[in-house]
Each structure stands twice: as structure tokens, then as C-alpha cells.
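For reference, the structure discussed in these notes is given below.
Nothing in this text is a laboratory measurement; each read-out follows from the coordinates by a stated rule. Everything quoted here is computed from the prediction, not taken from an experiment. When we count neighbours, we look across all protein chains shown, and the Cβ atoms used for this are built from the backbone with ideal geometry, even at glycine.
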Amino acid sequence: MESITLALAKGRTSEKSIALLQNAGFHFDDFHDQTRKLVFYDTEQQIKLISVKALDVPTYVENGAADVGIVGKDNILESQSSVYELLDLKFGKCKLVVAGLTEQKLNTKTKLTVASKYPSVAKIHFESKGIPIETIKLNGSVELAPLIGMADFIVDIVETGRTLRENGLSVIEEIEDVSTRLIVNKASFATKSALLEPFISKIKNALE
Ligand code: PRP
């Protein structure tokens with residue numbers, strides 16, 4: 001039987017994604033947040049769920065390794081993948097921001113160095129303002145970079161603001177609101193519509 005392959009972002013939103021799928025009628029009994037398993041099937045074998053790094057979800061969906069993906073808007077923007085973004089799932093809400101030392105202002109006279117898990121987002125944002133930057137790609141603890149003089153600013157997600165506060169940093173500019181989205185492979189959207197349309201409408205109903 002043909003099934004839908006769904007790429008799910010590992011990490012902070014995975015439990016909420018599974019809860020949403022459950023509300024939509026898709027049950028993954030052996031999924032839990034500590035598991036090392038990477039492939040799961042729902043009890044009715046309609047969905048093959050693959051658990052992947054958040055930034056890789058749009059890549060899996062773009063090249064058709066997965067038909068659909070559940071991932072944050074931050075990772076969709078960073079990957080610059082060509083996929084359909086169909087639904088805002090309204091959880092995992094945070095903001096992409098430029099942050100820096102509290103007293104620091106954006107100084108456009110010199111080339112700025114910006115550290116980020118999102119170097120493409122950072123580059124596009126600063127270039128849209130006509131500010132050339134050097135980016136430093138980090139994979140975590142990004143807040144450290146301005147504190148040790150490694151970068152002038154960071155581009156990162158902020159949820160509660162606690163990490164910035166506890167490190168003496170503050171938001172300089174907001175870039176974009178982020179939440180978890182349902183994305184779809186462009187070819188699958190056409191060729192697997194008989195499977196995808198009911199799936200998407202069940203997710204939509206579960207959101208309401
Ligand atoms: C994210 C982000 C910030 C923090 C923001 O990091 O990169 O560091 O959360 O959350 P807050 O505003 O609620 O403090 P994450 O927890 O994913 O850890 P990491 O630094 O290892 O990437």
C-alpha cells in the first residue's frame with residue numbers, strides 16, 4: 001500500500017507535532033522524545049515518519065525523500081528550499097532576531113561580523129538593509145559570540161528571552177515571527193494528491 005513519508009524535526013517541537021498527528025487520527029505508539037529510533041509507522045500504516053535534524057527537514061522534502069515535513073519557519077528560511085508551505089501549525093512560536101550587547105548599536109561604517117545558526121537568514125537580512133556582513137556559522141550557544149568578541153551581533157531565535165537576558169544581551173531588531181509549519185514536496189502535491197489531500201485536511205481539522 002502506498003503511504004506518505006513525513007519528515008519530522010527532532011527536538012523541542014517533536015512532542016507537540018506527535019500530539020497534533022494523534023489528534024488528527026495518526027497514532028505513533030512507539031514514539032517518545034528519548035528514543036534513538038529514526039523510522040516510525042502509524043498504527044494503520046498510512047504514514048512512514050522519519051525523525052531528522054530540523055534544518056534537514058526542508059532538504060528531505062525538497063528532493064522528495066519525504067512528501068511532507070513538519071518544521072519551524074526558521075529552518076525553512078535558512079534552508080532556502082523550494083517547497084510548498086501549506087499550514088501554520090501555531091506552536092513552537094518564537095522570533096528570529098538580531099541581538100547584541102545591550103549598549104551596542106548597528107554600526108554600518110565597518111563590516112560587521114554576525115554569528116548564527118542561521119547564516120543565510122543573517123546575510124539576507126543585513127543585505128536587504130545594505131549592510132555587508134561576514135557570517136560565522138555556529139551550531140549552538142550562539143550567545144557566547146558577542147561576549148567573547150567573536151562577533152558584533154548574533155542572529156538567533158528568541159522564545160522567552162531568558163538566554164539573552166542571562167548573558168547581558170538584548171534584541172536589536174526583530175526579523176520574523178517563527179512557528180512550526182507543514183511543508184509539502186511540490187511533485188508529491190500533484191502526484192500523491194489522493195493521499196495528501198485527506199491527510200492535510202485531517203491536520204487542518206485537528207488545528208481547529
Ligand atoms: C535556542 C536559541 C537560544 C534559546 C532561546 O537554543 O538558539 O539560545 O533557545 O530561548 P529563550 O529565549 O527561551 O531563552 P537551544 O535551546 O535550541 O540550544 P542551543 O544553544 O544549544 O542551540
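Which entries in Lys73/Lys129; Lys73/Lys192; Lys137/Lys202; Lys16/Lys129 show an alpha-carbon gap greater than 30 Å? Display every interim value, and only then the final one.
On the way: Lys73/Lys129 21 Å; Lys73/Lys192 24 Å; Lys137/Lys202 38 Å; Lys16/Lys129 36 Å.
Among Lys73/Lys129; Lys73/Lys192; Lys137/Lys202; Lys16/Lys129, the Cα-Cα distance tops 30 Å for Lys137/Lys202; Lys16/Lys129.
Short version: what are the Cα gyration tensor semi-axes of the chain, square root of 5 times each eigenvalue, largest first, in whole Å?
Working: eigenvalues 256, 60, 38 Å².
Working through the eigenvalues yields semi-axes of 36, 17, 14 Å.
Using r as the Cβ-Cβ distance of Asp30 and Glu174, and R0 as 41 Å, what FRET efficiency do you calculate, to the nearest 0.05?
On the way: r = 40 Å, r/R0 = 0.96.
Step by step, r from the Cβ atoms, then E = 0.55.
With a sphere of radius 10 Å drawn around the Cβ of Phe40, what net charge do the other residues whose Cβ falls strictly inside it have (Lys, Arg +1; Asp, Glu -1)?
On the way: positive: Lys37, Lys48; negative: Asp29, Asp30, Asp42.
Here the charged neighbours net out to -1.
Within a Cβ distance under 14 Å of Leu195, other residues only, what is the Lys/Arg minus Asp/Glu net charge?
Details: positive: Lys48, Lys192, Lys202; negative: Glu2, Asp42, Glu44, Asp67, Glu197.
With Lys, Arg at +1 and Asp, Glu at -1, the net is -2.
Relative to the first principal axis of the alpha-carbon coordinates of the chain, what is the inclination of helix 119-128, with its axis defined by its Cα atoms, in degrees from 0 to 90 and to the nearest 10?
So the helix axis and the longest Cα principal axis differ by about 60 degrees.
With the contact rule set at Cα under 8 Å and sequence spacing of 6 or more, what percent relative contact order holds for the chain?
Numbers: 414 pairs, mean separation 56.7, N = 208.
This gives 27 percent for the chain.
For the range 94-177, what are the per-bin percents of Cα-Cα distances with bins 10 Å wide, up to the bin holding the maximum?
20, 60, 20, 0
Using only the alpha-carbon atoms, how far is helix 193-207 inclined from the longest principal axis of the chain? Give it as 0 to 90 degrees, nearest 10.
Taking the Cα atoms of the chain, the angle to 193-207 is about 60 degrees.
Stretch Ala190-Ala65 to full length: gain in nm at 0.36 nm per residue minus the Cα-Cα span? Walk me through the numbers before you get to the answer.
Numbers: separation 125, 0.36 × 125 = 45.00 nm, distance 1.55 nm.
Length gained between Ala190 and Ala65: 43.5 nm.
Tell me, what is the FRET efficiency for Lys129 and Asn23 to the nearest 0.05, using R0 = 30 angstrom and their Cβ-Cβ distance as r?
Working: r = 41 Å, r/R0 = 1.37.
About 0.15, to the nearest 0.05.
Considering Cα pairs under 8 angstrom that are at least six residues apart, work out the relative contact order of the range 94-177 and quote it in whole percent. Before the final figure, lay out the partial values.
Numbers: 164 pairs, mean separation 41.4, N = 84.
Relative contact order here is 49 percent.
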